[in-house]
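K.L.:
Before I ask anything, here is the structure I am working with.
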Amino acid sequence: MSNQLPDWSNYRGVMVFVEQRESVAKPVSWQLLGAGKKLADKLEVPLMALVIGEHVENLADEAIGYGADQVYLCEGPELKDYRTRPYSRITLKLIENVKPEICLFGASATGRDLAGAIATHLPTGLTADTTELDVESHPSRLLLASRPAFSEKMMATILCKQYRPQMATARAGVFQALPRDASRTGKIIRIENPMKGEKIATQVMGFIEKQSGINLEEADIIVAGGRGLGGPEPFQMLQELADVLGGEVGASRACVDSGWIKHAHQVGQTGFTVRPKLYFAIGISGAVQHTVGMSNSDYIVAINKDPEAPIFQIAHYQIVGDLFQIVPALIDAFKQRKDQQSDPTVTLRSL
C-alpha cells in the first residue's frame, strides 16, 4: 500500500465558524480565531471566518478585528436561529467553493452538531474536543489535533491524512483570543442564502436559559476541590473562600462521581473548560483529565499535602500542607485585606 499522500494542493486556508445568538458571538469563536491565526501564519495562508445569521454584519467586522483576513457573510430571516439543515447546506457549499484545508468549530451544542453534519456529508475526519492545535509545514500541511485519550490518562494527536478539509472542535476557554484591533482591515464577502422557509422542516420556538446559577466558564476566580477533601462537607469551606473572593466553586470529576457536589461544578475534560484569572486547586492531584480543563488559568494556586502531586508542575503558587489548616487561614487573610486590596494575587504574594 502506498504511503504517498493525496494531492490536496487546491485546498488552502483556515476557516473558523463564528457561532452567534441574537447577533452576539460566542466567546469560543474569537478564541478559535486566535488559534486559527497561528495555524494560518505557519501555513502562510489567509484566515477566514464564516458568519451566518440575521442582522449579523457587525460580527463580520468584529471577526476582522479578531484576526480574520476574509469573512464570508450569509444573512437571512431563516438563519436567525441555528438549525442543522440550512446552516450545514450553506457551510458545505462554501467549503466546496472556497476549499479551506482546515475548519474549526466550537465544541458547543451548535458547533458539535454542525461540524458532525458537515464531516458526514463531505465525508472527512473530525477531531472532537481538542485541547491543542498545531500544523506541520510543507509538504504535509497536516493539522495536529490533540486531545486526552485512553480514559483521559494521556494525550493523543489525531491526523486526517486522506481527506480535506481537516476539521476539529474545541471547547470555550481552551484557546486565547487575540486582542481586538478595530483598525484591522479585511474583506467581507457576501454569499447567497439558498435555504428558504419552505425548504426547512424544523422551527425554533424559543430558548430556555439554564437556571443552575453556576457559570464556571465566565468566572474570574474559581475555588476547586478534589478527592483530598474527603467528603462533601469541606465544600462549604471552599464556598466560603469563593464568597470572600467573589468567585465560583469548582470540583474534580472524582468529587462529582462520588456525589459530593453537582456536575454543574465539574472542571475538566468531561466537565467545563475554564480560563479564570485565579484558580485554586485544593486537594486535587492533577490528573490530565482535570488539568486540560484549567491549565490556561492566569494564576494557579495548588494546595496539596503530597509534595510530588502532578498539579504542582503547572501551579504558579505551590502550598504543601494540610488544606484544613491552610484554607481557613486564607479565608481569614483575604477577609482582613478585602478592603485594602482588590486583586487577590497581591494578597497571595504577601502571605
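K.L.:
Need the failing condition index for T120 against (1) in a helix (DSSP H, G or I); (2) of a type in the set (S, T, Y); (3) in contact (Cβ under 8 Å) with a residue 24 or more places away in the chain, just the number.
P.N.:
Only one criterion is unmet by T120, namely (3).
K.L.:
Test I64 against the criterion of being more than 28 Å from R275 (Cα to Cα), in a helix (DSSP H, G or I) and in the same structural domain as E132 (by TED's automatic domain parsing), and give yes or no.
P.N.:
no
K.L.:
Have a look at T127, T110 and point out the one that is over 21 Å from Q20 (Cα atoms), among the hydroxyl-bearing types (S, T, Y) and at pLDDT 90 or above.
P.N.:
T127
K.L.:
From the residues in segment 47-59 that are surrounded by fewer than 17 Cβ atoms within 10 Å (Cβ to Cβ) and of a type outside the set (D, E, K, R), which one is nearest to the chain's Cα centre (by Cα)?
P.N.:
Taking the candidates together, the pick is N58.
K.L.:
Would it be correct to say that D220 is in contact with a Pro (Cβ under 9 Å, 6 or more places away or on another chain), acidic (D, E), in the same structural domain as Y279 (by TED's automatic domain parsing) and modelled with pLDDT of 75 or more?
P.N.:
In short, yes.
Residue-by-condition table, conditions (1) under 27 Å from G206 (Cα atoms); (2) basic (K, R); (3) assigned by TED's automatic domain parsing to the domain that holds M195; (4) modelled with pLDDT under 90:
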| residue | (1), (2), (3), (4) |
| --- | --- |
| Q70 | no, no, yes, no |
| E75 | yes, no, yes, no |
| D81 | yes, no, yes, yes |
| P86 | yes, no, yes, no |
| E96 | no, no, yes, no |
| C103 | no, no, yes, no |
| T120 | no, no, yes, no |
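Residue by residue, here is whether (1) at pLDDT below 90; (2) crowded, with 16+ Cβ neighbours inside 10 Å; (3) among the small types (G, A, S) holds:
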site: V267; (1), (2), (3): no, yes, no
site: I284; (1), (2), (3): no, yes, no
site: A315; (1), (2), (3): no, yes, yes
site: Q340; (1), (2), (3): yes, no, no
site: T347; (1), (2), (3): yes, yes, no
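K.L.:
Name the single residue, out of those in segment 92-117 being of a type in the set (G, A, S) and not in a loop (DSSP other than H, G, I, E, B), that is farthest from the chain's Cα centre (by Cα).
P.N.:
Filtering first and then ranking leaves A117.
K.L.:
Identify, from the list S285, S295, the residue that is in contact with a Pro (Cβ under 7 Å, 6 or more places away or on another chain) and of a type outside the set (F, W, Y).
P.N.:
Criteria check complete, one pass: S285.
K.L.:
Take the residues in segment 231-249 that are without any contact (Cβ under 8 Å) to a residue 40 or more places away in the chain and closer than 19 Å to G286 by Cα, then tell me which one is farthest from the chain's Cα centre (by Cα).
P.N.:
G231
K.L.:
Residues being assigned to a helix (DSSP H, G or I), within 24 Å of G13 (Cα to Cα) and of a type in the set (D, E, K, R): count how many of those fall in segment 67-91.
P.N.:
Total satisfying the criteria: 1.
K.L.:
When you scan segment 250-269, how many residues do you find that are touching a helix residue (DSSP H, G or I) at 6+ places or on another chain (Cβ under 6 Å) and in contact (Cβ under 8 Å) with a residue 12 or more places away in the chain?
P.N.:
9
K.L.:
Next question, about the same structure. Go through segment 60-85 and count every residue that is surrounded by fewer than 21 Cβ atoms within 10 Å (Cβ to Cβ) and of a type in the set (F, W, Y).
P.N.:
Total satisfying the criteria: 1.
K.L.:
Answer yes or no as to whether I303 is in a loop (DSSP other than H, G, I, E, B), modelled with pLDDT of 95 or more and closer than 20 Å to L229 by Cβ.
P.N.:
Spelling it out, it is not the case that I303 is in a loop (DSSP other than H, G, I, E, B), modelled with pLDDT of 95 or more and closer than 20 Å to L229 by Cβ.
K.L.:
Moving to a separate point now. Between A149, A172, which is surrounded by 16 or more Cβ atoms within 10 Å (Cβ to Cβ) and under 18 Å from the mean Cα position of the chain (by Cα)?
P.N.:
Exactly one of A149, A172 is surrounded by 16 or more Cβ atoms within 10 Å (Cβ to Cβ) and under 18 Å from the mean Cα position of the chain (by Cα), namely A172.
K.L.:
Got at least one residue in segment 272-280 being surrounded by 15 or more Cβ atoms within 10 Å (Cβ to Cβ), over 22 Å from the mean Cα position of the chain (by Cα) and either in a helix (DSSP H, G or I) or not assigned by TED's automatic domain parsing to the domain that holds Q20 (or both)?
P.N.:
Checked segment 272-280: no residue is surrounded by 15 or more Cβ atoms within 10 Å (Cβ to Cβ), over 22 Å from the mean Cα position of the chain (by Cα) and either in a helix (DSSP H, G or I) or not assigned by TED's automatic domain parsing to the domain that holds Q20 (or both).
K.L.:
Residues of segment 125-137 being in contact with a helix residue (DSSP H, G or I) (Cβ under 8 Å, 6 or more places away or on another chain) and either crowded, with 17+ Cβ neighbours inside 10 Å or outside the structural domain of R147 (by TED's automatic domain parsing) (or both), which ones?
P.N.:
G125, L126, A128, L133, V135
The values are calculated or read from the model by the stated rules, or taken from the named source; none is laboratory data. Just so you know, these numbers come straight off a predicted model, no measurement behind them. Here the Cβ is made from the backbone with ideal geometry for all residues, glycine too, and neighbour counts use every protein chain on show.
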